[in-house]
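*Asks:* After the structure tokens below, expect a handful of questions from me.
The values are calculated or read from the model by the stated rules, or taken from the named source; none is laboratory data. Remember, predicted model here, so these are calculated numbers, not experimental data. With ideal geometry, Cβ positions are generated from the backbone for all residues, glycine too; neighbour counts draw on all protein chains shown. When the accessible area is computed, the model is the full protein with side chains, heavy atoms only, and any ligands, DNA or RNA have been set aside. Shrake-Rupley method; radii C 1.70, N 1.55, O 1.52, S 1.80 Å.
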Amino acid sequence: PRVCVVGSGPAGFYTAQHILKHHGGALVDIYEKLPVPFGLVRFGVAPDHPEVKNVINTFTQTARSERCAYYGNVTVGRDVTVPELQRAYHAVVLSYGAEDNRVLGIPGENLPGVYSARAFVGWYNGVPENRDLQPDLSCETALILGHGNVALDIARILLSPLQLLRKTDITDSSLAALACSKVKRVWLVGRRGPLQVAFTIKELREMINLPGARAVLDPADFTGLESTVKDAPRPRKRLTELMIKTALEKPVEMQAAAGAAAPREWGLKFQRSPLEVLPSADGTRARGVRMALTRLEGSGDSAKAIPTGDVEELECGLVLSSIGYRSVPLDPAVPFDSQRGVIPNSSGRVEGVPGLYCSGWVKRGPTGVIITTMNDSFDTAQALLEDLQGGVLDTSPSREGFGLVESILRSRGVRPVSFSDWEKIDAAEVARGKAAGKPREKIVDPAEMLRVIGH
């Protein structure tokens, strides 16, 4: 059986890995729109979390299998359609993730100084389409809307001492911009309360221990929570206890030498929902956010934030919206639930389209960490293998696989990038990084990537 996987992030690679491991004859081709593989492992994981990127070693083993091939620089839906892939392969798995972000839907969100978390993370992580973002870091206060790990990542990058970032694979241009940054205070704002935050304890602890930055948590936000949380699941309990402990600790008197700049600080604000980004007097940029104060109805993860009618304004010159990523439809031939932003499926089998599957964020929505995506992708791969075994997928007509796709791509002037091409780009990045004392210096321009491999 010939299988093709669209998208080379964790979902795509884990799906391919499971199929190759549990079917001794299957051939898997992975298509990726960028010349470089690994999706959010390369472009989403924070530069100061190199250990999370170790899965790249596993993915590289998969890509080097003689039954696996990688074709980068191919945009499915434009360079080749899904129906064309269905004619070339016995099964097609869509694992292309979530390449858009949810919008706030409030006045002023398009003002200069307002960015999506997705674009900001893409900027410091070297996503080609975000390389020219040039965020304005000339203000003292930044406000991040959202209480997830991505929000904490951004706060940490904004407040980290430069010498910590210099040793990471953060892009050169963002490092230069952060070196001139005036930001010294970051507020992370959420619609709900401390018991509904989505970040995890490891990320929170890292933020609390960040050198040169102090946590500002209001003890009043945590009144009575110790008793509420004692029967909560252990991760939630430990996370809440850490926030309470941090809120109650007396700030260490900073032995700031006379004239030394005040330290940086960050804090969590709860039960506030953005109503409007406020423009500066001349209307040219953001100067703050008007918030609705909320009260919670219900409890636990299902609690809803209801506006109380009271509002407050928070001053800031930088607004980052970290309220989630969003998948987009890829091809008119593929059913898509635009309400939920997923491909309608059951166990990864796309509804009403035999032989078509999906895994990862486009299957279940943009939540969870790499391990969640791994399990989810194994489930989809398992469904596909069961369909092969049960004769649901007809493998009697032989399919040409890449042979057919190659002629389609050639007729459209598209030249795919192989995995060994990627390894040349990889080597060039590592060499550039070495010169600067970093693990790598990412190439952020696709045209330059192609020049490196002589395309």
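*Asks:* If only one of Ala198, Ala151, Ala215 is in a helix (DSSP H, G or I) and not basic (Lys, Arg), which one is it?
*Replies:* Result of the check over Ala198, Ala151, Ala215: Ala151.
Residue-wise test of (1) open to solvent by 10 Å² or more (accessible area, probe 1.4 Å); (2) more than 24 Å from Gly324 (Cα to Cα); (3) at pLDDT 95 or above.
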{"site": "Asn125", "(1), (2), (3)": "no, no, yes"}
{"site": "Glu129", "(1), (2), (3)": "yes, no, yes"}
{"site": "Ser138", "(1), (2), (3)": "yes, yes, yes"}
{"site": "Ala142", "(1), (2), (3)": "no, no, yes"}
{"site": "Asn149", "(1), (2), (3)": "yes, no, yes"}
{"site": "Ile157", "(1), (2), (3)": "no, no, yes"}
{"site": "Ser173", "(1), (2), (3)": "yes, yes, yes"}
{"site": "Ala176", "(1), (2), (3)": "yes, yes, yes"}
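*Asks:* Name the residue that is nearest to the chain's Cα centre (by Cα), counting only residues in the range 213-235 that are within 12 Å of Leu195 (Cα to Cα) and in contact (Cβ under 8 Å) with a residue 12 or more places away in the chain.
*Replies:* Among those that are within 12 Å of Leu195 (Cα to Cα) and in contact (Cβ under 8 Å) with a residue 12 or more places away in the chain, it is Pro235.
*Asks:* If you go through the range 263-278 one residue at a time, do you hit one that is in the same structural domain as Gly12 (by the TED database), open to solvent by 70 Å² or more (accessible area, probe 1.4 Å) and among the aliphatic types (A, V, I, L, M)?
*Replies:* Of the residues in the range 263-278, the ones in the same structural domain as Gly12 (by the TED database) are none.
Scanning the range 263-278, I find no residue that is in the same structural domain as Gly12 (by the TED database), open to solvent by 70 Å² or more (accessible area, probe 1.4 Å) and among the aliphatic types (A, V, I, L, M), so the answer is no.
*Asks:* Kindly indicate whether any position in the range 403-425 is under 26 Å from the mean Cα position of the chain (by Cα), of a type in the set (Gly, Ala, Ser) and surrounded by 15 or more Cβ atoms within 10 Å (Cβ to Cβ).
*Replies:* So far as the range 403-425 goes, yes, one or more of its residues are under 26 Å from the mean Cα position of the chain (by Cα), of a type in the set (Gly, Ala, Ser) and surrounded by 15 or more Cβ atoms within 10 Å (Cβ to Cβ).
*Asks:* Would you kindly identify the helices (runs of 4 or more DSSP H) lying entirely within the range 28-105 that contain at least 3 residues that are out of contact with any helix residue (DSSP H, G or I) (no Cβ under 6 Å at 6 or more places or on another chain) and either open to solvent by 20 Å² or more (accessible area, probe 1.4 Å) or more than 28 Å from Gly454 (Cα to Cα) (or both)? Can you show your working first?
*Replies:* Values: elements: 39-43, 55-63, 82-88.
Correct list: 55-63, 82-88.
*Asks:* For the range 13-31, what are the residues that are touching a Leu at 6+ places or on another chain (Cβ under 7 Å) and among the aliphatic types (A, V, I, L, M)? Talk me through it step by step, then tell me what you get.
*Replies:* To start, the set of residues in the range 13-31 that are touching a Leu at 6+ places or on another chain (Cβ under 7 Å) comprises 19, 22-23, 26, 28.
Correct list: Ile19, Ala26, Val28.
*Asks:* Report yes if Thr15 is open to solvent by 40 Å² or more (accessible area, probe 1.4 Å), outside the structural domain of Arg166 (by the TED database) and within 20 Å of the chain's Cα centre (by Cα), otherwise no. I'd like the intermediate steps shown before the answer.
*Replies:* Working: open to solvent by 40 Å² or more (accessible area, probe 1.4 Å): no; outside the structural domain of Arg166 (by the TED database): yes; within 20 Å of the chain's Cα centre (by Cα): yes.
For Thr15, the condition - open to solvent by 40 Å² or more (accessible area, probe 1.4 Å), outside the structural domain of Arg166 (by the TED database) and within 20 Å of the chain's Cα centre (by Cα) - is not met.
*Asks:* Shifting gears a bit: Looking at the structure I just gave you, is Gly283 surrounded by fewer than 19 Cβ atoms within 10 Å (Cβ to Cβ), at pLDDT below 95 and more than 27 Å from the chain's Cα centre (by Cα)?
*Replies:* Numbers: surrounded by fewer than 19 Cβ atoms within 10 Å (Cβ to Cβ): yes; at pLDDT below 95: yes; more than 27 Å from the chain's Cα centre (by Cα): yes.
So Gly283 passes the test.
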